[in-house]
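Visitor: After the structure tokens below, expect a handful of questions from me.
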Amino acid sequence: MATRVGRFLCLAAVLAFIGCGDGSKGTVVSGKVTLAGAPLTGGAIVFEPISGGGLAANGTISADGTYEVKGVSAGECKVTVATEYLRAASAVTKLPGGMEAPPSSAQLSGLKYMKIDAKYGKVATTDLKTTVVGSKHTYNVELK
């Protein structure tokens with residue numbers, strides 16, 4: 001259990017660091033993430049510029065599969081999607097005496113863990129790409 005919480009905190013710190021821009025510049029990218037045609041019920045999405053000219057930008061995938069990421073650099077980006085951090089957050093923790101721990105913030109917001117192919121979670125292995133143009137860009141993601 002401690003390992004899962006540690007992994008979650010590590011991922012949260014990494015996402016906070018790589019998305020350190022204030023979002024006031026760049027493109028707003030929005031869309032919907034689906035897995036086999038059904039909405040992904042939570043996760044993180046990151047847009048990483050391929051050319052190296054700009055910072056990565058990240059956002060949260062809502063329980064209905066939609067997302068909006070501000071401050072995405074224009075040009076070709078690799079896209080990563082992660083859900084593993086929700087595995088521990090979605091679990092119901094039993095306390096001594098059979099009581100349940102209070103729900104996590106992920107549970108309260110309706111986010112639920114869905115297993116996806118691990119390749120989508122790493123820049124080196126993801127096959128998701130988009131070319132970001134304009135001040136607003138739509139990119140719908142279909143995971144298989």
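The values are calculated or read from the model by the stated rules, or taken from the named source; none is laboratory data. All values reported here derive from a predicted model rather than from experimental measurement. All Cβ positions, even for glycine, are placed from backbone atoms using ideal geometry, and neighbour counts span all protein chains on display.
Visitor: Can you tell me which residues in the stretch 57-78 are surrounded by fewer than 23 Cβ atoms within 10 Å (Cβ to Cβ) and among the hydrophobic types (A, V, I, L, M, F, W, C)?
Guide: A63, A74
Visitor: Take the stretch 49-72 and flag every residue that is closer than 22 Å to G37 by Cβ and among the hydroxyl-bearing types (S, T, Y).
Guide: Those that are closer than 22 Å to G37 by Cβ and among the hydroxyl-bearing types (S, T, Y): T60, S62, T66, Y67.
Visitor: Same structure, new question: Within the stretch 61-81, how many residues turn out to be of a type in the set (S, T, Y) and farther than 11 Å from F47 by Cβ?
Guide: 2
Visitor: Filter the stretch 79-122 down to the residues that are modelled with pLDDT of 90 or more and of a type in the set (S, T, N, Q), then identify the one that is surrounded by the fewest Cβ atoms within 10 Å (Cβ to Cβ).
Guide: Checking each candidate, the answer is T80.
Visitor: Next up: Counting only residues that are in contact with a Gly (Cβ under 8 Å, 6 or more places away or on another chain) and part of a loop (DSSP other than H, G, I, E, B), how many does the stretch 36-71 have?
Guide: 11
Visitor: If a residue must be aliphatic (A, V, I, L, M), modelled with pLDDT of 95 or more and touching a helix residue (DSSP H, G or I) at 6+ places or on another chain (Cβ under 9 Å), how many such residues does the stretch 40-55 contain?
Guide: So the answer is 2.
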